[in-house]
Each structure stands twice: as C-alpha cells, then as structure tokens.
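These notes are about the structure you will find just below.
The values are calculated or read from the model by the stated rules, or taken from the named source; none is laboratory data. This is a predicted model, so every value here is computed, not measured. Here the Cβ positions follow ideal geometry from the backbone for every residue, glycine too, while neighbour counts run over all protein chains shown. Accessible surface areas use protein heavy atoms only, side chains included; no ligands, DNA or RNA. Shrake-Rupley method; radii C 1.70, N 1.55, O 1.52, S 1.80 Å.
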Amino acid sequence: MEKHYSQKYCVRTLIDLYCTEEWKSILKESEKTFSFQGGVTIFKEGEVAEHVIILKKGKVKVYSFVDKEKEQILRLVSDDQILGHRAFGGGFKLPVSATTLTQCDLVYIPVDLFLGALKANSDFCFQFMMFFAEELKNSEQHIKLKGAKNLNQRVATAILDNVAAFGYSSFDQKTL
C-alpha cells in the first residue's frame, strides 16, 4: 500500500530534511511537549491558533460540526502528523476542532516561529505547500465521492481511510 500523504509529508521529517541547522535548533528549543488522555479536546473551532501541533504519538480526530449536534470527521491523525495548520490565513482562526482518541503526546511550536521557518527555508516551505495541496486534493475527493456513494461504499471508504491514517497489521489484530 502506498504511503498516505500525511505520512509522506510528516512535518518533523520535513523540518529535519529541509530546514537549516539554525532553524532546526530554534524550533527544537521553542517546542513544548504535553501528554493527554483520550477524549480530551485539543482545540475548538473558532479559537485562534497560537501553536502548530505535531502529534508525536497517539491518535486524534479532526472534525467540524455540520449543525450544533452533527459532527463530521474531516481527518484522522496519527504519529508525527500536524494539527492546527488549517488556521493559516485570515486571522489564524481554527475552522475545525480536534480531540484525542487515545493517550497522546503533543509537541507545541509557536505559530510565529513556524511561519518564520517557512519564510527562511524555501525547500521546507515548498514541501509544506505540497502537503497542503495533497490535503486539499484528498478533501475534494472525499466531498465528491460522498455524494455519489451508497452506504456500503461509504463504509468501505471509512475503513480505507482508517487504514491510511492508522495503518494495518496482519500480525497485530489491534492495529487497524
């Protein structure tokens, strides 16, 4: 199975590969790591993003509310993936919410420093832009396919999304 785009564009790897030693050091010194149990809200829709968050370990759902009661999961996040980046642009307000699904270790990097790294490291910025493009393409495909699928196809797609986000192991029955 081909790597999911969010694993291909792992932010920690992009920083290691495409940032200067100076920027790697600046980002590393500024980051703070926190641990959360499952079921904890990391951020809520409408809040201003002050940090970019890297999920060091665990599983998180990113979602939005269609109405006040109906939650729509937009993305499943696992080890080494980024959170909070959807706030980039107009006022840095988060258009989504995120909640831990399992015990999680989260690395917080101040958004102004992360943006500084993007401005100062053109290769890093380019690779991050490619991540955004892949994420947008993936979202558009989901929207397009959702309207055209019957229930069985939607369930199959949900299973494949889980496999892409969290992996699969024929040896460990707990891993899907």
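According to a simple spin-label model (label point 7 Å from Cα along Cα-to-Cβ), what is the distance in nm between residue 66 and residue 122?
4.5 nm
What do you reckon, how do 47, 69 stack up by accessible area (1.4 Å probe), largest on top?
Values: 47 80, 69 165 Å².
So the residues, ranked largest to smallest area, are 69, 47.
Need one number: nm distance between label points at residue 130 and residue 80, each 7 Å from Cα along Cα→Cβ, rounded to one decimal.
So the label points at residue 130 and residue 80 sit 1.5 nm apart.
So how much accessible area does residue 41 have, in Å² to the nearest 10, using a 1.4 Å probe?
Surface accessible to solvent at residue 41 totals approximately 60 Å².
How far apart, in nm, are two points set 7 Å out from the Cα along the Cα-to-Cβ line at residue 24 and at residue 41?
Going by the 7 Å Cα→Cβ label model, 3.8 nm.
With respect to the cross-link table entries 32/56; 57/144; 24/44; 68/144, which display a Cα-Cα separation exceeding 20 Å? Write out the running numbers ahead of the final one.
Details: 32/56 11 Å; 57/144 31 Å; 24/44 29 Å; 68/144 24 Å.
Beyond 20 Å: 57/144; 24/44; 68/144.
With charges only on Cβ, +1 for K and R and -1 for D and E, what is the dipole size of region 66-119 about its Cα centre, in debye, rounded to 20?
The dipole of region 66-119 has a size of about 260 debye.
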